[in-house]
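All remarks here apply to the structure that follows.
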Number of protein chains: 2
Amino acid sequence: MSILVVGSVALDSIKTPFGEVKEALGGSAVYFSYAASFFSPVRVVAVVGKDFPEEHLKLLEDKGISVEGLEKVEGRTFRWTGSYENDMNSARTHSTELNVFQDFDPKIPAKYQNTPHVFLANIDPDLQLRVLEKMKKPKLIGCDTMNLWISTKPESLEKLLKKVDFFLLNEGEARQLTGITNLIKAGKDILKRGPKGVVIKKGEHGAILMTKKHFFLAPAYPVEAVLDPTGAGDCFAGGFFSSLARSGKYWDGTALRQSVIFGTLMASFNVESFSLERLKKVTPKEIRARFNTFRKHTRIPG
Amino acid sequence: MSILVVGSVALDSIKTPFGEVKEALGGSAVYFSYAASFFSPVRVVAVVGKDFPEEHLKLLEDKGISVEGLEKVEGRTFRWTGSYENDMNSARTHSTELNVFQDFDPKIPAKYQNTPHVFLANIDPDLQLRVLEKMKKPKLIGCDTMNLWISTKPESLEKLLKKVDFFLLNEGEARQLTGITNLIKAGKDILKRGPKGVVIKKGEHGAILMTKKHFFLAPAYPVEAVLDPTGAGDCFAGGFFSSLARSGKYWDGTALRQSVIFGTLMASFNVESFSLERLKKVTPKEIRARFNTFRKHTRIPG
């Protein structure tokens, strides 16, 4: 069953110790939708400028992603320039050109409004709320956020959290939002703020999933050659949310755990190259093989 | 089957956001042996001063730990004073008084020399090497180290690594030793230096075990109330090495994995209080219960 994702589409210029790309396809909606498309049909709502290359649009369409909600307006596409130092864990931003993203007012095409699963990738929480108002009773709502909104729009974020089923955030954001260092305590605190489930993403250290009934700890899939971590969190979200949507059993322990693992795996493929280069080559068979390897590497004999 | 451990015995004065202790029992040999004593008989080789409280000695003896190798010499016991800030992940050292530890020359009582399992807790690698020379063909040798020795005694450490079966170190040390950021690559690099197995301890993020044949990823047991992380790495080592010694199957996948988990669990108990306060109350039944909970929390359904 379909997923609608609202987020950013960007042209990223990135330098890591292992290479460099200029104006490569990126953005939360792009990484999310590409990773998610392996499990469920995806519809994208985002904005680009007149300069957005046709080939990027074609890449998404060829993957079966619906881009009818990808609005093209006068002006330049959102651009981000950043680099990673040796540790590859945190990006240094050199410049952020919001461009057409500055005045982004998400429009939901009529035929998208019934989409049963909605994922609000990282954008201004006021926009995330506005998107939800335009949707007709989605069955499952997920959202992500970032440090900027936690510090500048705490009230909007608080309002949003009462309306979503799953809230995904990274460990730094969980600590910032709650003021609690211990991640288990922070997760419990977040659950009290409204969402029925929370996933704390810990990058190379894995993820923690908590609902009122379930608790699941997963390491990250061990990747030896991390070329560029950009988009890993969005790919995690795409794999997780889309696998869960496909299962139809949103609160079932097996579906939840497998979905966390699929999130981890999609992120693991993504970091192996720049932009969508690695994901473009991933096959369902490869995902299944990595799933089996991962189970083997983490199994605790009783 | 018995384990001999050589390391430090200290009087620690520690402040964390959750409390404070003055001159509490600590040191790598103490934490290791107490955690290890739940699985196998333990013999300690270390040094203390004349000021070392009898009650501490009694605590170890009451747990069945052999302290015949715990030499008491003129002078003051090793003292460490440190504190932890909010994140509890790294200690700030206020003072280190080596005292009698400065001239520590480990003496192995005759009846200890046949001990089949030897663990060299964190001390000068030259001393670790000297201890090995005094032992009669141990079946299994493990060792730990610290950043200080990696930077000041690289040649001695290199020599030592060729003589041990298992090398345990934390993620920062693994990166420092190899110059490699990626922990999987760093682990493989360490295996090339001699040890048959390496365990990279990642604190609250778990551990990675690698041998030529096995690969195992484990998250850490989720502890909500971390009062004092001092000694967690030594308790991990104690649980791991001692459980492996008990199994007698040092290279068996099941034994290795279960031992990593027992290491994780002993560390999880330890951080719940200062000094040995929590470990003193742990029962085998509690360890088993936590083992089962942990398996449940990490299981990936196929």
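A straight Cα-to-Cα reach below 12 Å connects A:Lys50 with the aspartates and glutamates A:Glu71, A:Glu74, residues fewer than 8 places away in its own chain not being considered.
Greater than 21 Å separation of Cα atoms is the criterion. Which listed pairs, A:Lys136/A:Lys213; B:Lys137/B:Lys212; B:Lys188/B:Lys213; B:Lys192/B:Lys249; B:Lys139/B:Lys202, meet it? Those over the limit are A:Lys136/A:Lys213; B:Lys137/B:Lys212; B:Lys192/B:Lys249; B:Lys139/B:Lys202.
Plainly put, the tip 7 Å out from Cα toward Cβ on B:His94 is 4.6 nm from that tip on each other copy, the closest given first.
Two tests apply to each whole DSSP H helix in chain A, Cα reach of 15 Å or more along its axis and mean Kyte-Doolittle hydropathy of at least 0.5, and the ones passing both are A:232-247, A:253-270. Computed from point charges on the beta carbon alone (+1 for Lys and Arg, -1 for Asp and Glu), the dipole magnitude for chain A about its Cα centre is near 1600 Debye.
Could you tell me how far the Cα centroid of region B:136-169 sits from the Cα centroid of region A:91-155, in Å? Measuring centre to centre over Cα atoms gives 52 Å.
Estimated translational diffusion coefficient (Stokes-Einstein, Kirkwood radius over Cα pairs, 10 °C, 1.306 mPa s) of the protein assembly as shown: 62 µm² per second.
Helical runs (DSSP H, four residues minimum) scored at -39500 (n - 2.57) apiece and divided by the length of the protein assembly as shown put the mean residue ellipticity at 222 nm at -11000 deg cm²/dmol.
Taking the Cα centre of region A:59-178 as origin and assigning +1 to Lys and Arg Cβ atoms and -1 to Asp and Glu Cβ atoms, the resulting dipole is close to 500 debye. Take each residue in A:229-239, count the other chain C-beta atoms within 10 Å of its C-beta, and the mean is 0. The residue of chain A whose Cβ sits closest to the rotation axis that maps A onto B, together with that distance in whole Å, is A:His205, 2.
Sorting A:46-55, B:81-90 by their mean Cβ neighbour count within 10 Å, with the most densely packed peptide first, gives A:46-55, B:81-90. Averaging the sequence gap over all C-alpha pairs within less than 8 Å and six or more residues apart, then dividing by the number of residues, gives chain B a relative contact order of 17 percent.
Buried surface for the A/B pair, taken as the accessible area of each chain alone minus that of the pair with a 1.4 Å probe, is close to 3300 Å² in total.
Between region B:44-79 and region A:1-59, what's the alpha-carbon centroid distance in Å? So the two Cα centres are separated by 63 Å. For region A:33-106, a Kirkwood radius taken over Cα pairs fed into Stokes-Einstein (4 °C, viscosity 1.567 mPa s) yields D = 93 µm²/s.
Antiparallel beta bridges, as assigned by DSSP with both residues in region B:3-298, represent about 40 percent of the total such bridges. Charged side chains reduced to their Cβ positions (Lys and Arg at +1, Asp and Glu at -1) give the protein assembly as shown a dipole of some 2620 debye around its Cα centre. Excluding residues on the same chain fewer than 8 positions from B:Lys285, give the lysines whose Cα lies under 21 Å from its Cα. Straight-line reach from B:Lys285, under 21 Å: B:Lys63, B:Lys296. Take the alpha carbon atoms of region B:206-231, find their center, do the same for region A:226-276, and report the distance between the two centers in whole angstrom. With region B:206-231 and region A:226-276 each reduced to a Cα centre, they are spaced 23 Å.
Inter-copy label distances at A:Ser151, using a point 7 Å along Cα-to-Cβ, come to 3.0 nm with the shortest given first.
Taking the accessible area of the protein assembly as shown, probe 1.4 Å, and keeping the other protein chains in place, the carbon and sulfur fraction comes to 50%.
Once both labels are positioned 7 Å from their Cα atoms along Cα-to-Cβ, the gap between A:Lys58 and B:Lys192 label points is 4.3 nm.
At a threshold of 50 Å², the residues of region B:272-302 that become less accessible to a 1.4 Å probe in the full protein assembly than in their chain on its own are B:Arg295, B:His297, B:Ile300, B:Pro301, B:Gly302.
Ranked by the mean number of other Cβ atoms within 10 Å of their residues, highest first, the peptides B:126-134, B:227-235 come out as B:227-235, B:126-134.
What separates the B:Asp62 label point from its copies, with the point 7 Å along Cα to Cβ, is 7.2 nm, written shortest first. DSSP finds beta bridges in the protein assembly as shown, and of those with both partners inside it, around 40 percent are antiparallel.
Heavy-atom accessible surface of region A:3-298, averaged per residue, reaches 39 Å², computed with a 1.4 Å probe. Please name whichever of A:Gly179, A:Ile108, A:Pro138 sits farthest to the positive end of the charge dipole of region A:98-204, dipole taken about the Cα centre and charges placed at Cβ: Lys and Arg +1, Asp and Glu -1. Comparing the listed Cα positions along the dipole, A:Pro138 ranks first.
The values are calculated or read from the model by the stated rules, or taken from the named source; none is laboratory data. Only a predicted model underlies this, so the values are computations on that prediction, with no experimental measurement involved. Here the Cβ is made from the backbone with ideal geometry for all residues, glycine too, and neighbour counts use every protein chain on show. For accessibility, only protein heavy atoms count, side chains too; no ligands or nucleic acids. Shrake-Rupley method; radii C 1.70, N 1.55, O 1.52, S 1.80 Å.
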